[in-house]
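Everything on this sheet refers to the single structure shown next.
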Amino acid sequence: MKKTSILFLSMLIFLTVDAQNDSTKASSTVYTVYVDGYFKSDFAGYKENNKTSFTNSNGSLQLGMVSFKVDKSFSDKFTGTLDLGVGKRAQEFSYNDKGLATAFKQIFISYAFRPNIKLSAGKWATHVGYELLDAYANRNYSMSYGFSYGPFFHTGIKADIALGGKSAMMIGIAQPTDFVSSSSPDKVIIAQFSSASANDQIKGYLNFQGAKGKSQFDLVLNGVLNSQFAINYDGTIATNTGKSWSSNAVYLNYDPNAKVGFTLRSEYFNDINSVVGVGTSIFQNTLSANVHFNKLTIIPEIRFDNAKDKVFFNKNNHLNPYASNFILAVVYKL
């Protein structure tokens with residue numbers, strides 16, 4: 001762990017000094033600030049019915065997260081990102097950290113050695129999957145099973161390489177998934193290949209993370225049909241010592257106008273081998289509306305989960321295969 005920390009610190013010093021010697025200056029700063037909160041009503045009255053991230057509550061107003069992000073360009077080649085968050089989402093996102101460390105969602109620096117090669121070092125949100133930590137970046141407020149049991153973030157070094165045209169790749173090495181530091185000698189290899197059609201109406205991302213005895217392959221496809229309709233897909237399969245779990249999710253978006261949008265997420269999650277502790281397969285459907293009032297977005301949402309086995313509670317305190325809830329969320333982004 002000490003060797004890894006020394007190497008990481010040396011990389012930061014090298015990039016900082018080299019950037020200060022860069023005579024080409026293009027300094028700029030971009031701030032992103034938002035806050036979100038929600039009220040959830042489980043139709044059976046149990047917060048334990050939720051088996052995905054960030055919305056494990058019932059019958060109470062909850063703060064999701066207050067977030068402050070700074071993207072700083074020090075020159076044409078050297079940039080840095082500091083992303084801070086306070087609240088339930090930030091705490092669950094950095095669940096292996098304690099105290100103040102949970103507030104650091106992302107902190108990394110990047111240096112473009114060449115126009116088509118950029119090296120980054122630090123902690124950053126994972127490339128795996130379709131959904132993101134920040135509530136304003138998703139159209140559904142509750143999270144999928146694929147997001148909840150996949151990686152949240154990586155800490156290490158990665159290289160982003162433009163391959164020409166619409167294609168690019170990323171490759172890197174990181175600490176064990178969701179750890180900033182670890183004494184484990186087994187590091188994680190991360191990679192991504194992305195491409196798009198000439199008009200950007202179709203985009204694809206093939207994602208990977210792998211370590212000793214573990215691997216995850218993930219495919220994200222984005223399709224824009226027209227100004228009102230879009231369809232997205234996220235399929236993932238993760239293997240741990242010979243056993244696997246998988247998720248396949250489809251997102252249908254309909255935007256009748258600029259003020260209102262609707263998203264139906266349908267996901268089939270399979271953990272019958274109990275790799276992540278759920279121990280069954282679940283088919284969930286979530287219908288969300290996004291109502292925009294300038295910087296404020298209101299998200300009413302209804303969700304139904306149907307499991308193969310009895311893993312949810314009903315009103316009589318008995319287990320059954322079904323769960324359903326209603327969420328009213330608000331997101332305010334400056």
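Taking a quarter of the surface of the Cα convex hull of the range 78-145, what do you get in nm²?
Result: 5.8 nm².
Given Lys77/Lys295; Lys105/Lys333; Lys158/Lys187; Lys69/Lys203; Lys88/Lys214, which pairs have Cα atoms separated by over 21 Å?
From the list (Lys77/Lys295; Lys105/Lys333; Lys158/Lys187; Lys69/Lys203; Lys88/Lys214), the Cα-Cα distance tops 21 Å for Lys77/Lys295; Lys69/Lys203; Lys88/Lys214.
Could you give the length gained on full extension between Val276 and Ala159, defined as 0.36 nm per residue of separation minus the Cα-Cα distance, in nm?
39.1 nm
Restricting to DSSP H runs of at least four residues, report the calculated mean residue ellipticity at 222 nm for the chain, -39500 (n - 2.57) per run over all residues, nearest 500 deg cm²/dmol.
Working: 3 runs with 30 residues, N = 334.
Per the formula, -2500 deg cm²/dmol.
Would you mind estimating how fast the range 37-158 diffuses translationally, via Stokes-Einstein at 20 °C and 1.002 mPa s with the Kirkwood radius over Cα pairs, in µm²/s?
134
Treat each spin label as a single point 7 Å out from the Cα along the C-beta direction, and report the Ser167 to Asn56 distance in nm.
About 4.3 nm, to one decimal.
Please report the projected area of the chain's Cα convex hull averaged over all directions, in nm².
Working: hull surface 71.1 nm².
Projected over every direction and averaged, the Cα hull of the chain covers 17.8 nm².
Report the FRET efficiency, 1/(1 + (r/R0)^6), for Lys212 and Ala101, where r is their Cβ-Cβ distance and R0 is 30 Å, rounded to 0.05.
That gives a FRET efficiency of 0.70.
Tabulate in residue order the Karplus-calculated ³J(HN,Hα) for the range 107-122, using 6.51 cos²θ - 1.76 cosθ + 1.60 with θ = phi - 60°, rounded to whole Hz; enter x for Gly and Pro.
7, 8, 10, 9, 9, 8, 5, 9, x, 10, 9, 10, 9, 10, 9, x
Checking a compactness column here: for the range 181-266, what do you get for Rg(Cα) / (2.2 N^0.38 Å), N being the number of residues?
Compactness ratio reported: 1.42.
Calculate the FRET efficiency for Asp309 and Tyr268 from the Cβ-Cβ distance with a Förster distance of 25 Å, rounded to the nearest 0.05.
Working: r = 15 Å, r/R0 = 0.59.
E(calc), rounded to 0.05, equals 0.95.
Quick one, what does Rg over Rh come out to for the range 198-333 if you take C-alpha atoms and the Kirkwood Rh?
The Rg/Rh ratio comes out at 1.04.
Please work out the Cα center distance from the range 214-242 to the range 22-78, rounded to the nearest Å.
22
Which whole-Hz couplings ³J(HN,Hα) result when phi for each residue of the range 323-334 is put into the Karplus expression 6.51 cos²θ - 1.76 cosθ + 1.60, θ = phi - 60°, listed in order with x for Gly and Pro?
Going residue by residue, I get 8, 8, 7, 10, 10, 10, 10, 10, 10, 10, 10, 6 Hz, with x marking Gly and Pro.
Given 0.36 nm per residue, what is the gain on full extension from Leu319 to Val260 after removing their alpha carbon distance, in nm?
Result for the pair: 17.5 nm of gain on full extension.
Given the options Leu163, Leu206, Leu219, state which has the largest fluctuation in a GNM of the chain using a 10 Å cut-off (strictly under) for Cα springs.
Greatest mean-square fluctuation among the candidates belongs to Leu163.
Hey, rough spin-label estimate for Ser197 and Leu287, points 7 angstrom out along Cα→Cβ, what's it come to in nanometres?
Those two pseudo-labels are separated by 2.8 nm.
Find, to one decimal place in angstroms, the Kirkwood hydrodynamic radius of the range 253-305, where the mean of 1/r is taken over every pair of different Cα atoms and then inverted.
Values: mean 1/r = 0.0774 Å⁻¹.
12.9 Å is the Kirkwood radius here.
Which three numbers, in whole Å and largest first, are the semi-axes of the equivalent ellipsoid of the range 125-282 derived from its Cα gyration tensor as √(5λ)?
28, 21, 13
Round to the nearest 10 and give me the degree value, 0 to 90, for the angle of helix 2-20's Cα axis relative to the longest principal axis of the chain.
Taking Cα atoms only, the helix is inclined about 60 degrees.
Dividing the convex hull volume of the alpha carbon atoms of the range 278-334 by its residue count, what do you get in Å³ per residue?
Convex hull volume per residue, Cα atoms: 92 Å³.
Every number here is computed from the coordinates shown, using simple stated rules; none is lab data. Just so we're clear, the structure is a prediction, and the values are computed from it rather than from any experiment. Positions of Cβ are backbone-derived with ideal geometry, glycine not excepted, and every protein chain shown enters the neighbour counts.
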